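Comments concern the structure below.
The values are calculated or read from the model by the stated rules, or taken from the named source; none is laboratory data. Quantities reported herein were computed from a predicted structural model and do not represent experimental measurements. Reconstructed Cβ throughout: ideal geometry from the backbone, glycine too, with neighbour counts over all protein chains shown. These accessible areas exclude ligands, DNA and RNA; they are computed on the full protein's heavy atoms, side chains included. Shrake-Rupley method; radii C 1.70, N 1.55, O 1.52, S 1.80 Å.
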Amino acid sequence: MGEARIDESRCYAFKGILCRACVDACPSPGKALVQDLLLRPKVDDEHCVGCGICVKVCPTKPPSIWVEPRS
């Protein structure tokens, strides 16, 4: 599949707006997608399988998170 990537320039959490949409939707809670100390999402490439659920729930248009295919 792939790995999720975050565009920090569009992501609400990186702008100081509380948003947990991607973190809450992740089927691997606390592993693939976690929050840092400032409550911003971070992807753990070791656990992310690239399912794309986070992309579908992201409230920004276009989504601030996408899946890149694994090489």
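Some points to look at:
- Applying a threshold of 6 Å to beta carbon distances and a minimum spacing of six or more residues, or different chains, the list of pairs starting in the range 8-32 at a residue that is in contact (Cβ under 8 Å) with a residue 12 or more places away in the chain and ending at one that is among the charged types (D, E, K, R) and surrounded by fewer than 16 Cβ atoms within 10 Å (Cβ to Cβ) reads Phe14/Glu8; Ala32/Asp44.
- Number of positions in the range 51-66 that are crowded, with 20+ Cβ neighbours inside 10 Å and in contact (Cβ under 8 Å) with a residue 60 or more places away in the chain: 1
- Taking the criterion of being under 11 Å from the mean Cα position of the chain (by Cα) and either basic (Lys, Arg) or closer than 13 Å to Phe14 by Cβ (or both), the residues of the range 44-71 that qualify are Lys56, Cys58, Ser64, Ile65.
Yes or no, residue by residue, for (1) open to solvent by 50 Å² or more (accessible area, probe 1.4 Å); (2) of a type in the set (Val, Ile, Thr); (3) at positive phi:
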residue	(1), (2), (3)
Phe14	yes, no, no
Ile17	yes, yes, no
Arg20	yes, no, no
Ala32	no, no, no
Leu38	yes, no, no
Lys42	yes, no, no
Val49	yes, yes, no
